[in-house]
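Participant: Handing you this structure, nothing more for now.
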Amino acid sequence: MTVKNTRDIVLTVELDASVEDVFRAVTEGTEIAKWLAPEARVTPPQGGQPGRIWVSWGEGMGTEHEIEIFEAPKRMRHPSGQNGETKAELYADWSIEAREGGKTALRLVHSGFSASADWDNEYDAHERGWRLMLLNLRHYFARHAHQPAVHLPFFKNVESRRAPIWSPLLRKFGFAATPKVGDRFRFTAPSGEVLTGVVDLVTDERDLALVVTEFDDGLLRFNLEGKAEATTTFVYAYAIVFGPQRERARDLLAAGSSAVP
């Protein structure tokens, strides 16, 4: 019996959008920037030359890969990182399928992660990240389809374990303990503006995802990375604001970053 030494992340989301719109969401830079990363460029294959995809979450956090499969409007596949143990390529494989009622299923297989327990944190971080990003995409199609967006990041290393960052962050939004999806928050920004809305994803001491009413249901996200026992935590936050309110995206990001201890 052969023991598989890699593992895959497999996620599917049903979207209120056409197959063509979903394909554009994963293969056009301006669309990718509405849900996945602040900056992105995609060059489709042309004239026998392979396509390329470049995605960046901020300075020093960009990746570029050659596209191996580009079958509009059904599939795209490209390398996406390396196996932490063997250094072999990981692959992101996007498949798109029409569903009844005008909806579309988007399936992601991010394959090739090391099966070793030493790489559990790497696997977990990617799996949680993809869940949140696909939630961003679902929100975009449900609430802001075809609207322009501004996507701004904030990140810093904090000399602290996760727990002493997580609890004060929650208190800023009116939570004494980890909230549940659907719970309402209230936050007073340093400018004096009061922000309200709902939690749409949360994982204990890791991720807090908010939908902000005052920014026309803009998105404010917080992610804390680092092992529980580590003395340094990487905090990554971002705001995505759509339509006319996108001109105020920096205000939302400034309010959110002020909540990070």
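Participant: Roughly how large, in nm² to one decimal, is the mean projection of the convex hull of the alpha-carbon atoms in the chain?
Facilitator: 15.9
Participant: For segment 148-261, rounded, prolate or oblate, judged on the Cα gyration tensor with a ≥ b ≥ c (square roots of eigenvalues), a/c < 1.5 rounded, else prolate if a/b > b/c?
Facilitator: Because a/c hits 1.5 or more and a/b exceeds b/c, segment 148-261 counts as prolate.
Participant: Measuring from a point 7 Å past the Cα of K156 along Cα-to-C-beta, which residues in segment 192-225 have an amide N at less than 16 Å?
Facilitator: 222-225
Participant: Taking other Cβ within 10 Å of each residue's Cβ, how do S258, S191 sort, fewest first?
Facilitator: Sorted ascending by nearby Cβ count, the order is S191, S258.
Participant: What residues of segment 179-210 lie in the reach of a label at A163, counting those whose backbone N is under 19 Å from a point 7 Å from the Cα along Cα→Cβ?
Facilitator: Only 179, 203-208 fall inside the zone, counting backbone N under 19 Å.
Participant: For a test of understanding, tell me how many lysine pairs in the chain have Cα atoms under 18 Å apart, given they are 8 or more places apart or on different chains.
Facilitator: For the chain, qualifying lysine pairs total 4.
Participant: For the chain, find the longest principal axis of its Cα atoms and tell me its angle to the long axis of helix 120-143, 0 to 90°, nearest 10.
Facilitator: The answer is roughly 80 degrees.
Participant: How much mean residue ellipticity at 222 nm does the chain get from its helices, if each DSSP H run of length 4 or more adds -39500 (n - 2.57) and you divide by all residues, to the nearest 500 deg cm²/dmol?
Facilitator: Numbers: 5 runs with 57 residues, N = 261.
Here the helix-only value at 222 nm equals -6500 deg cm²/dmol.
Participant: Helix 249-258 versus the longest principal axis of the chain: what is the Cα-based angle in degrees, 0 to 90, to the nearest 10?
Facilitator: Tilt relative to the chain: about 60 degrees.
Participant: Return the Rg/Rh value of segment 8-143, two decimal places, where both radii are evaluated on C-alpha atoms and Rh is the Kirkwood radius.
Facilitator: Answer for segment 8-143: 0.96.
Participant: Here's another thing I want to ask about it. Take every Cα pair under 8 Å in the chain that's 6+ residues apart, average their separations, divide by the length, and report that relative contact order as a whole percent.
Facilitator: About 17 percent, as a whole number.
Participant: What ranking of M61, M76, M133 emerges when the number of other C-beta atoms within 10 Å of each C-beta is taken as an exposure proxy, fewest first?
Facilitator: The order, fewest Cβ neighbours first, is M61, M133, M76.
Participant: Give the angle, between 0 and 90 degrees and rounded to the nearest 10, that separates the Cα long axis of helix 163-172 from the longest principal axis of the Cα atoms of the chain.
Facilitator: 70
Participant: Give me R206, R41 ranked fewest to most by other Cβ atoms within 10 Å of their Cβ, as a rough exposure proxy. Don't skip to the end; give the middle numbers.
Facilitator: Values: R206 19, R41 16.
Fewest-to-most Cβ neighbours within 10 Å comes out as R41, R206.
Participant: Along the charge dipole of segment 8-143, Cβ charges K/R +1 and D/E -1, which of L132, L90, F23 sits furthest on the positive end?
Facilitator: F23
Participant: Between V13, V26, V150, where does the largest GNM mean-square fluctuation fall for the chain, given springs only between Cα atoms within less than 10 Å?
Facilitator: V13
Only the coordinates and a few stated rules stand behind these numbers; no lab work does. Just so it is clear, the structure is predicted and the values come from calculations on it, not from any experiment. Here the Cβ is made from the backbone with ideal geometry for all residues, glycine too, and neighbour counts use every protein chain on show.
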